[in-house]
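Only one structure is covered here, and it is reproduced in the block below.
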Amino acid sequence: MQPIVERAGCVPAVKVGDTLYCAGPAGCTPELAVIEDPEAQFIAAWQNLRQVLEEGGCRFEGVVDMTTYHVNMSQHMAVFREVKNRLFPRGHCAWTTIGVSELAHPGWRWKSNVRRCSASYCTTR
């Protein structure tokens, strides 16, 4: 995730006590290039989010509150849900979805904010 720090000047997550606050990464390559195919972009975004959580000592099961932002939400929601249901455990967190007109980079279709990671699901480092 170092390219995000270098490019944007911020970190993808901050841990305060037992809580991880994560501005989830978008679906991009390690070099931050946009992935054009919606399904491939959603898969990459979930994989990138998993990496950020793991680097912060957490897992998907520890997420208790998540907000996702979607460009063209009605056009891509079916494939997004299918990918989410494949990669993210169901029934573990509160989830708010918000449709937006655009995100920071053209071509990004989805971004997440994970507000908390439960201490009971954080790993020991």
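The values are calculated or read from the model by the stated rules, or taken from the named source; none is laboratory data. The model shown is predicted, which means the values in this text are computed figures rather than measured ones. Glycine gets a Cβ as well: all are built from the backbone with ideal geometry, and neighbour counts include every protein chain shown.
Points to keep in mind about this one:
- Taking every residue in the stretch 44-56 that is among the aromatic types (Phe, Trp, Tyr) and pairing it with any residue that is in a helix (DSSP H, G or I), at least 6 positions away or on another chain, the pairs with Cβ-Cβ distances below 6 Å are TRP46/LEU87.
- Among residues of the stretch 17-36 being charged (D, E, K, R) and more than 23 Å from GLY57 (Cβ to Cβ), the one that is surrounded by the most Cβ atoms within 10 Å (Cβ to Cβ) is GLU36.
- Sole residue being modelled with pLDDT of 85 or more and surrounded by 12 or more Cβ atoms within 10 Å (Cβ to Cβ), chosen from MET1, MET66: MET66
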